[in-house]
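What follows is a single structure, written as structure tokens, with notes after it.
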Amino acid sequence: MADNTLWVGVLTAGTAVVASWVTSRGTARAARIQAETTAAVQRMDQRRTARRNAYADVIEQAQKMGDLYWKVNDAHADPDPEARTAALKDLRLRLRDAYAELRHLVRIVELEGPAEVAAAADRLRRSTSDSYQALEDMIGGDADAIQRFNECYAPFWAAVVALVAVAREVLQEGAVPAPAPVPVPVPRTRMRRPGVRRRPGPEGERGAEGERVR
């Protein structure tokens with residue numbers, strides 16, 4: 001019995017050591033996977049934030065240009081020819097500056113991507129060309145230029161709406177949930193006790209033929 005007890009103690013201690021080693025390896029591996037997953041999610045979230053800011057800047061600048069387009073109609077309605085021309089020239093300068101800023105912001109969107117948003121932003125940029133040309137013609141005294149200018153607004157605003165739609169879709173697809181914790185593997189060991197021979201009772205053991213053995 002003393003020998004059996006010793007073996008049980010040795011096996012129990014050995015199993016505990018193995019279990020501790022397996023658990024420590026599993027914990028280290030889980031920690032590494034968790035760190036890598038968290039870093040990947042952070043990178044994706046940073047990229048999504050950069051894209052969202054770039055898209056929002058272009059849309060905001062387009063809205064500013066839209067406000068200037070409305071002011072062109074107000075300036076054109078001035079009955080004083082000199083005041084009208086002066087106001088239109090001032091708006092031309094403001095629209096030129098606004099377009100330069102829009103072009104810069106569109107370039108940032110092209111860098112951030114993806115391609116479908118970059119293409120939508122560039123279509124928005126190009127949609128401002130006809131309006132600017134019509135404004136030039138207004139300043140030059142073309143009576144029909146105001147009608148052409150107003151007809152350019154609908155395509156311009158449609159390009160803004162299209163950019164908003166594709167940008168929203170890309171940002172929603174890029175949303176990444178927080179990583180779930182990686183479970184630590186727990187070893188499941190089965191301790192085998194050494195065989196213990198039963199001592200015969202008072203009636204002795206029975207042999208293969210059922211006879212008692214003394």
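Any read-out appearing in this document is the output of simple, stated calculations on the displayed coordinates, not a laboratory observation. Given the structure is predicted, the values throughout are model-derived calculations rather than measurements. Heads up, the Cβs are rebuilt from the backbone with ideal geometry, glycines too, and the neighbour counts pull from every protein chain shown.
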Where nothing but the Cβ of Lys and Arg (+1) and of Asp and Glu (-1) is charged, how large is the charge dipole of the stretch 116-162 around its Cα centre, in debye to the nearest 20?
-> 200
What is the distance, in nm, between label points placed 7 Å from the Cα along the Cα-to-Cβ direction at GLU136 and at ASN73?
-> 2.4
Return the distance in nm (one decimal) between the two label points of a simple spin-label model at GLN147 and ARG52, each offset 7 Å from Cα along Cα→Cβ.
-> 4.6
The stretch 96-148, Kirkwood Rh and Cα Rg, ratio Rg/Rh at 1.15
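At 0.36 nm per residue, and after removing the present C-alpha to C-alpha distance, how many nm does the segment from VAL161 to MET44 gain when stretched out fully? Show your work: numbers first, answer last.
Working: separation 117, 0.36 × 117 = 42.12 nm, distance 2.58 nm.
Using 0.36 nm per residue and subtracting the Cα-Cα distance, I get 39.5 nm.
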